[in-house]
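Engineer: The following block contains the structure, expressed as structure tokens.
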Amino acid sequence: MREYEQEHLRERAKPTVARSVLDDVSQWWNGSEQVAERAPKPEPAYTKQDFDQSLALVQMPVALSHLELFGKPPDVAVAGSAAARLGPAASALQVMANSKKDPKNQAAMLTPVPDIQAAQTTLQVIAAGEKAQSMWHDAFQYAMAIVDNAVGLPVADPDANLKSADDVEQRDHDLLVTSVKPTLQRLQDKTAGAPYVDFDPKAYTEGQEALSAIGAVNIAQLKPALAHINRGMAAIKAFAMSMEEQWNAAIASLEAAQQKLSAQAATYVTTTTPLPQEEAR
Amino acid sequence: MTYAATRAEWDRARLLVRHILREPGALPARSVALLRASVLPQLDAALAMLTDEYPPETLARWNAFLPAAVTAVGPDPELARVESHLRSGLAALT
């Protein structure tokens, strides 16, 4: 055998297949510590607890409100009572979603919330009558307060080694000051007056402009501001309808919410209920 | 109608919920959050309805789900007392 061939044999790599018991187990005490790693169990999207709590705290008030509205003439008192029941129902869903770790499960849990909130806002507008204007005034004021808070956040130093979680990028800060705040101020000014006198509630564009301006900024703290602007715009939209249209819009939103809630519950029922032939066995 | 008996029972239920929120003990965080964000506002809405001149059957219909809503929050002896007061308040309407 030639010299280089012998050298090759001496430097042979560790066998990939165990040739003896010793080869196989030597790693146990000579190698690094071995920790059994189990694949994390995926979080169930919808549990029995979710089912029970959704039924009692969300589906019941939504169904009750629908029952009191459907097929009946518009009634200010009923609208007020239903609106008062829908807010806590939406909050219950948000609490349940917050207890989920997986963002996908959170999002799935939250799907009926916009419909419940839309119905609530419409019913609040019916109940408030001429005082409904204060709904969007307040909503836009809250949004402005949140934007003001965001303007006050410290601007991140790009050269700093340590960065605070609250820091905002210089670009976002500049956008807040030069774009978001003036746009929101325009929305406030435009909608401050009487609808149909000082502004057309069906044709104003400042709401969408404010939403777009906030959407261009990457600051997590601004999320509630978006929600307030959406709520204010929904109130203006509802105000522009006739009472009959408002009533029907609330019913439609409640029905959409009920469909989504039923679809959520169905995922739990179908995964836990045995098929008839399985039960017979 | 003043619904004094119903009001007294639901007031007691509300007081108990506030007490649980102050001292939740072993109640899970999710149950506490549900009590704060959903059950308490529903109870406030129920109490507000008592002043709105609704007939008793309307009040019973709107609030019949409340005892089950409290039970769904979680198994707890204090919550069972809340549920009992809510049921008594509903029974006083009929």
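The values are calculated or read from the model by the stated rules, or taken from the named source; none is laboratory data. Predicted, not measured: the structure shown is a model, and the values here were computed from it. Note that we place each Cβ from the backbone using ideal geometry, even for glycine, and neighbour counts take in every protein chain shown.
Engineer: Can you confirm whether residue A:61 is at pLDDT 95 or above, in contact with a Phe, Trp or Tyr (Cβ under 9 Å, 6 or more places away or on another chain) and facing chain B (nearest Cβ under 9 Å)?
Structural biologist: Considered against the rule, which asks whether it is at pLDDT 95 or above, in contact with a Phe, Trp or Tyr (Cβ under 9 Å, 6 or more places away or on another chain) and facing chain B (nearest Cβ under 9 Å), residue A:61 comes out as yes.
Engineer: How many residues are surrounded by 15 or more Cβ atoms within 10 Å (Cβ to Cβ), of a type outside the set (Gly, Ala, Ser), part of a helix (DSSP H, G or I) and in contact (Cβ under 8 Å) with a residue 24 or more places away in the chain when one looks only at segment B:45-77?
Structural biologist: 6
Engineer: How many residues does segment B:9-36 hold that are free of Cβ contacts under 8 Å to residues at least 60 places away in the same chain, in a helix (DSSP H, G or I) and either within 12 Å of another protein chain (Cβ to nearest Cβ) or of a type outside the set (Asp, Glu) (or both)?
Structural biologist: Final tally of qualifying residues: 14.
Engineer: Consider segment B:37-76. How many of its residues are under 18 Å from residue B:8 (Cβ atoms), more than 9 Å from every other protein chain (Cβ to nearest Cβ) and among the acidic types (Asp, Glu)?
Structural biologist: Matching residues across segment B:37-76 total 0.
Engineer: Which ones in segment A:64-77 are within 9 Å of chain B (Cβ to nearest Cβ) and over 26 Å from the mean Cα position of the chain (by Cα)?
Structural biologist: A:67, A:68, A:77, listed by residue number.
Engineer: Quick check, is residue A:58 within 20 Å of residue A:117 (Cβ to Cβ), in contact with a Pro (Cβ under 8 Å, 6 or more places away or on another chain) and part of a helix (DSSP H, G or I)?
Structural biologist: The answer is yes for residue A:58.
Engineer: Residue A:178: surrounded by 11 or more Cβ atoms within 10 Å (Cβ to Cβ), in a helix (DSSP H, G or I), touching a helix residue (DSSP H, G or I) at 6+ places or on another chain (Cβ under 6 Å) and free of Cβ contacts under 8 Å to residues at least 40 places away in the same chain, yes or no?
Structural biologist: So residue A:178 fails the test.
Engineer: A follow-up question, please. Determine whether segment A:148-162 contains at least one residue that is in a helix (DSSP H, G or I), under 26 Å from the mean Cα position of the chain (by Cα), in contact (Cβ under 8 Å) with a residue 40 or more places away in the chain and under 30 Å from residue A:256 (Cβ atoms).
Structural biologist: no
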